[in-house]
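The values are calculated or read from the model by the stated rules, or taken from the named source; none is laboratory data. Computed from a predicted model, the values in this text were never measured in an experiment. Glycine also receives a Cβ, built like all others from the backbone with ideal geometry; neighbour counts cover every protein chain displayed. We work out accessible area using only protein heavy atoms, side chains counted, and drop any ligands, DNA or RNA first. Shrake-Rupley method; radii C 1.70, N 1.55, O 1.52, S 1.80 Å.
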Amino acid sequence: EYRRLEDCEEGSPPGEEEEEQLLLHVTEGPTDSWHHIKDLDSFFTKISWHSLWNGFACVLLSDVLELVQFLFVVTFSTFLLCCVDYDVLFATRPLNHSHVPERSKVTLPDAVLPAPECARRLRGSGWLLFLLVLAGAVWLCRLVTALRRLVGYWEIRSFYIRALGIPAEELCNHSWQSVQARLLALQRRQPLCVPRRELTELDIHHRILRFRNYTVAMVNKSLLPVRFRLPLLGPVVFLTRGLQFNLELLLFRGPAALFQNTWSLRPQVKRAGARRALARGLARAAVLLGVANLALCPCVLGWRLLLAFFSYAEGLKRAPGSLGARRWSLYARHYLRHFNELGHELQARLGRGHAPATKYMDSFSSPLLAVLARHVGFFAGSVLAVLIVLTVYDEDVLTVQHILTAITLLGLVVTVARSFIPDEHAVWCPEQLLQRVLAHVHYLPEHWQGRAGRAETRAEMAQLFQYKAVFILEELLSPLVTPLILIFAFPPRALDIVDFFRNFTVEVAGVGDICSFAQLDVRHHGNPQWLSEGHTEAPPERQAEHGKTELSLMRFALSNPQWRPPPPARRFLGHLQAQVTRDAATAPPPRHLLAEGPLAASLLSEDS
């Protein structure tokens, strides 16, 4: 069904001739408006997003409110800088109330400067005018992008109604699997795309996740520069949304990208003789992109600070412990992702693993920090209790300078101190907790086995399951760190990345160039340790790490039961099913496990 790309000397990339005929014009029937769609990747991606976003109205509302939010942040920040008299607001300068003798208190309108004074301050600040012009240009670009996006999704809405027979009001009743089944049924009734071959579930996922599968594979093979060893800090992982955007721009979408369009690699990538020249060009593009990021760093950093302040300040005051909650890091979302796994499927799986992962991380505690936290919490709580009692007795206490600040900071100290105090009723069972995490996330390093209670294992787990405060800090540092990674860390990896794209790319007729790991081929990428004995011919360097090929094949077969895998994958799944049946036949019944005692019942309980 596919062939490996060796040295390719043709002037046009393989599959491009087929791509020009991927959607055929139909003169009659429900699909007469969809013909000659050149970019099927974008078409199928929009179909999936239209389903997950619950229709065009949600997409429209989201885009409009994002544009309004951008305007609000820029306008409100400018107002705070130029139109507020902080001397009056902080009562450092007395306000003349002689014309209104009955007024003695300062109101908010008193602290707002008149419009001419605001305009004078704005005109007197050249850098602020420059930033406003830059913000206006960015907003116009986002407006154009949103309009183009909405036009495309309006077409997809019409496709749902006319071709798939799903009205807008019934879209919420259809899952992605249901939409996909209707798309495949439409292909069988009236051929729309991929001539001379039947459209399958795997073809759709290849087009939607073409670039994402490459990224997941490069993380699996440790090719991307996201892991570092720093003095004093030791091994660290750094992958933020800003760095991810730059890497995707560099490899897939930019002018120097390895892909010449959304479905085909550049011809020189497929030639072994051009690998060094291509690697030098890729490294040079990374340096230039890093320099551009460095030049824009002040603007991006300022925007990130404003957005973080407006997003998290109120939540921090209302619930100081919210920053101590944990979330899966962006690196974890690539490390733990299966090949051909859609975003909502990954989110559901990691969501199910969130509770056991939180219990595992919370099971660790430092006795020294616990003793210190108890006493610090006692001292801060005592002062806070006195201040609260005084404010209840007489509300004029709140008028004392900095009293509200003291109450807020003391509450924050108490909340942070309590987070270091372990639950006195907790049971220390890290191995069982880590097994519950593994049941959902599916990937954990092999050297963690039998070492779940070690501090090193917890530190590595913290790279996957990080504090929300760490996530915010990394995003704020991203404008400073991303240029350094692009300039210094990416160029040494350029040759390995070019070799990866040449060696792990296959061309599928009617689909284009895809990552070979995404074919879920246990024969070429399977690992003998993962029940693939006799089914794999892959040397160690071509095997996916941590059994990702086998686990991805199992998940895809379970999520798409109507999919017909190729013979090697079918044999592997049959072997696996036989192994599971034998294990289930020899395993003791659950009632025998529960009869062993209360400890077993506690460990198997969902609430323990």
> If you check every pair at least six apart or on different chains, which have Cβ atoms under 6 Å apart with a residue in segment 546-574 that is at pLDDT below 90 first and a residue that is open to solvent by 40 Å² or more (accessible area, probe 1.4 Å) and assigned to a helix (DSSP H, G or I) second?
Replying inline: 568/523
> Do the conditions hold for residue 510, that is, is it outside any helix (DSSP H, G or I) and surrounded by fewer than 23 Cβ atoms within 10 Å (Cβ to Cβ)?
Replying inline: yes
> Which of (1) of a type outside the set (A, V, I, L, M, F, W, C); (2) assigned to a helix (DSSP H, G or I); (3) touching a helix residue (DSSP H, G or I) at 6+ places or on another chain (Cβ under 6 Å); (4) modelled with pLDDT under 90 is the odd one out, the single condition residue 457 does not satisfy?
Replying inline: (4)
> Of all the helices (runs of 4 or more DSSP H) wholly in segment 6-107, which have at least 2 residues that are modelled with pLDDT under 70 and crowded, with 16+ Cβ neighbours inside 10 Å?
Replying inline: 16-19
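Out of 245, 252, 339, 259, I need the residue that is of a type in the set (Phe, Trp, Tyr) and open to solvent by 30 Å² or more (accessible area, probe 1.4 Å). Which one?
Numbers: 252 fails: open to solvent by 30 Å² or more (accessible area, probe 1.4 Å); 339 fails: open to solvent by 30 Å² or more (accessible area, probe 1.4 Å); 259 fails: open to solvent by 30 Å² or more (accessible area, probe 1.4 Å).
The conditions single out 245.
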> For residue 129, all conditions in the list (1) modelled with pLDDT under 90; (2) open to solvent by 60 Å² or more (accessible area, probe 1.4 Å) hold save one; what is the number of the exception?
Replying inline: (1)
>> Suppose the filter is more than 19 Å from residue 306 (Cα to Cα), modelled with pLDDT of 85 or more, assigned by the TED database to the domain that holds residue 183 and in contact with an Asp or Glu (Cβ under 7 Å, 6 or more places away or on another chain); does residue 113 pass it?
In response: yes
>> Among the numbered criteria (1) in contact with a helix residue (DSSP H, G or I) (Cβ under 9 Å, 6 or more places away or on another chain); (2) of a type in the set (A, V, I, L, M); (3) closer than 23 Å to residue 41 by Cα, which one does residue 144 miss?
In response: (1)
> So which pairs qualify, if the first residue must be in segment 249-274 and in contact (Cβ under 8 Å) with a residue 40 or more places away in the chain, the second must be part of a helix (DSSP H, G or I) and among the small types (Gly, Ala, Ser), the Cβ gap must be under 9 Å, and the two must be at least 6 apart or on different chains?
Replying inline: 250/285; 250/286; 262/42; 267/274
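Determine whether residue 168 is of a type in the set (A, V, I, L, M, F, W, C), surrounded by 13 or more Cβ atoms within 10 Å (Cβ to Cβ) and either in contact with a Gly (Cβ under 7 Å, 6 or more places away or on another chain) or not assigned by the TED database to the domain that holds residue 63 (or both).
yes
Can you report the number of residues in segment 124-169 which are in a helix (DSSP H, G or I) and closer than 20 Å to residue 73 by Cα?
Start the filter on segment 124-169 by keeping residues that are in a helix (DSSP H, G or I), which leaves 126-162, 168-169.
So of that shortlist, the ones also closer than 20 Å to residue 73 by Cα come out as 126-146.
Number satisfying all stated conditions: 21.
To keep it simple, each residue is scored yes or no on (1) touching a residue at least 40 places away in the same chain (Cβ under 8 Å); (2) open to solvent by 70 Å² or more (accessible area, probe 1.4 Å); (3) farther than 22 Å from residue 437 by Cβ.
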| position | (1), (2), (3) |
| --- | --- |
| 345 | yes, no, no |
| 364 | yes, no, no |
| 370 | yes, no, yes |
| 378 | no, yes, yes |
